[in-house]
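Quick notes on the structure that follows.
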Amino acid sequence: MEEKLLIELKDLKVHFAIDEGTLKAVDGVDLEIYEGKTLGLVGESGCGKSVTSQALLRIVPPPGSIMGEILFHGKEGQDTVDLAALDMNGEMIRSIRGKDIAMIFQEPMTSFSPLYTMGNQIMEAIKLHRTDNEEEARQIAIEMFRKVGISNPEKRLDEYPHEFSGGMRQRVMIAMALSCQPKLLIADEPTTALDVTIQAQVLELMRELQKEFGMGILFITHDLGVVAEMCDEVAVMYLGKVVEKAPVDDIFHNPMHPYTKGLLKSIPVMGKETREKLASIEGSVPVPLGLPPMCGFHERCSECMSGKCDKENPPLIEVEKGHFVRCFKYTDMTGEKQNG
């Protein structure tokens, strides 16, 4: 069965004009997300993952500007919609945001208003996108609470955020995101603040609901263990660019970019000597402000080629079928751009 393309990012850029210059938070990203599939977006803090997700929903805060194309193929009654070209407060994007594309945010406690009940907040989205009937909206909310494993939903719908535990708040966040049966679910580090037992339950819940609704998922995380469990394909971001993109098995068993290799080496391995020091990547992600043409990772890379990596920006090339890498190690002798 042929996979149905849901979202295409083409040369997506998100730049912020600030006093010091132009900060390039996302700088030329190309990605595809398919129905029923999960794309993992991984990388260190500050590499552009969350800003990429904000661009999809057109909620990039000022003074941010979006360039490139965000092609959405899942809008009913329309062939393709370029989300990047829409007015961020316009009628079209408001009909898509929350209905066709929904998001689970990192910290549910700061995402819910403490002044309103959980039911009031989840029903707001349902009444906006699905039904005007108050009682029908309440029944949909109760059913969603039941789906995400919240017991006694009729009672808990009328409780406030502070009356829920962290894991339960995350379940409500998932219920709210899925209440309008979106085509695409953006999960921005949805399990970061949870303990491992609750994390496993939330991940299993997301997999079950994905099968039920057939939605695509963009899963943003820095936890490679979660990536291995959840994702079909992985894109590794660094300094606003995708440096490696491949099926999940290839990323773990045949990593090619030095940054991806460094991330994988930093994972604790069962059976290692207890006193053995964990591998780490020296340095930190530079600020993407006024950088010259170069590989953004060259200062931290043990395989850096002087006079090449510090002078030019490597292209994203397809080294193997479906496996793309942005590294001069894999370019041909002429250094010509093969893809991306």
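The distance linking region 169-195 with region 276-328 is 33 Å (Cα centroid to Cα centroid, whole angstrom). Counted residue by residue at 0.36 nm each, then reduced by the alpha carbon distance between them, the extension gain from Ser95 to Thr197 reaches 33.1 nm. Looking at the chain, the DSSP beta bridges with both ends there are about 65 percent antiparallel. Here Lys10 and Gln78 are evaluated by their C-beta separation; at R0 = 22 Å the FRET efficiency comes out at 0.75.
Which entries of Lys37/Lys127; Lys49/Lys241; Lys24/Lys99; Lys10/Lys245; Lys24/Lys241; Lys183/Lys211 show an alpha-carbon separation above 18 angstrom in the structure shown? Could the numbers behind the result be given before it?
Details: Lys37/Lys127 28 Å; Lys49/Lys241 10 Å; Lys24/Lys99 29 Å; Lys10/Lys245 15 Å; Lys24/Lys241 10 Å; Lys183/Lys211 12 Å.
Beyond 18 Å: Lys37/Lys127; Lys24/Lys99.
Between Glu282 and Leu264, the simple label model (points 7 Å from Cα in the Cβ direction) yields a spacing of 2.3 nm. If the chain linking Glu312 and Ile18 were pulled fully straight, counting 0.36 nm for each residue of separation and taking away their Cα-Cα distance, it would gain 103.3 nm. The sum of -39500 (n - 2.57) across all DSSP H runs of n ≥ 4, divided by the residue count of the chain, sets its helix-only mean residue ellipticity at 222 nm to -8500 deg cm²/dmol. Of Ser179, Ser151, the order by accessible heavy-atom surface (1.4 Å probe, DNA, RNA and ligands excluded), from most exposed downward, is Ser151, Ser179.
What ranking do 32-40, 157-165 get when scored by the average of other Cβ atoms within 10 Å per residue, highest first?
Those peptides, ordered most packed to least, come out 32-40, 157-165.
Distance between the 7 Å Cα→Cβ label points at Asp249 and Gln106: 3.4 nm. Accessible area per residue (1.4 Å probe, heavy atoms of protein chains only) ranks Asp188, Asp30, Asp87, Asp11 as Asp87, Asp11, Asp30, Asp188, with the largest value leading.
What does the accessible area per residue of region 1-132 come to in Å², with a 1.4 Å probe and no ligands, DNA or RNA counted? Intermediate results must be reported in sequence, preceding the final value.
Values: 6390 Å² over 132 residues.
Per-residue value: 48 Å².
Taking amide H atoms as placed 1.01 Å from N in the peptide plane, the amide H of Lys241 lies under 5 Å from those of Asp27, each 5 or more residues away in sequence or on another chain. Near the amide H of Ile186, within less than 5 Å, lie the amide hydrogens of Ala102, Met103, Ile104, Leu218, all on another chain or at least 5 residues away, with H placed in the peptide plane. Carbon-plus-sulfur accessible fraction, the chain (probe radius 1.4 Å, protein heavy atoms only): 49%.
What's the angle, to the nearest 10 degrees (0 to 90), between helix 196-213's Cα axis and the longest principal axis of the chain? In the chain, helix 196-213 runs at an angle near 80 degrees to the longest axis. In this structure the amide hydrogen of Lys311, modeled in the peptide plane, comes within under 5 Å of the amide hydrogens of Cys295, none closer than 5 places in sequence on its chain. For Leu128, neighbours were defined as the other residues whose beta-carbon sits under 14 Å from its Cβ, and their charges (Lys and Arg +1, Asp and Glu -1) total -1.
Rounded to the nearest 0.05, the FRET efficiency derived from the C-beta distance between Thr131 and Glu44 at R0 = 56 Å is 0.85. Within a straight-line Cα-Cα reach of under 16 Å, Lys265 can be paired with the following lysines, leaving aside sequence neighbours fewer than 8 residues apart in one chain: Lys277. A simple spin-label model places the labels of Glu124 and Glu204 3.3 nm from each other, with each point 7 Å out along Cα-to-Cβ. Computed from backbone phi, the HN-Hα couplings of region 176-187 come to 5, 5, 9, 5, 9, 6, x, 6, 10, 10, 9, 10 Hz, rounded to whole numbers (Karplus: 6.51 cos²θ - 1.76 cosθ + 1.60, θ = phi - 60°; Gly and Pro given as x).
Computed from the C-beta positions of Asn152 and Ile59 and an R0 of 25 Å, the FRET efficiency is 0.15 to the nearest 0.05.
The values are calculated or read from the model by the stated rules, or taken from the named source; none is laboratory data. As the structure is a computational prediction, the values presented were derived from the model and not from experiment. Note that we place each Cβ from the backbone using ideal geometry, even for glycine, and neighbour counts take in every protein chain shown. Accessible surface is based on the protein model in full, side chains and every heavy atom, while ligands, DNA and RNA are left aside. Shrake-Rupley method; radii C 1.70, N 1.55, O 1.52, S 1.80 Å.
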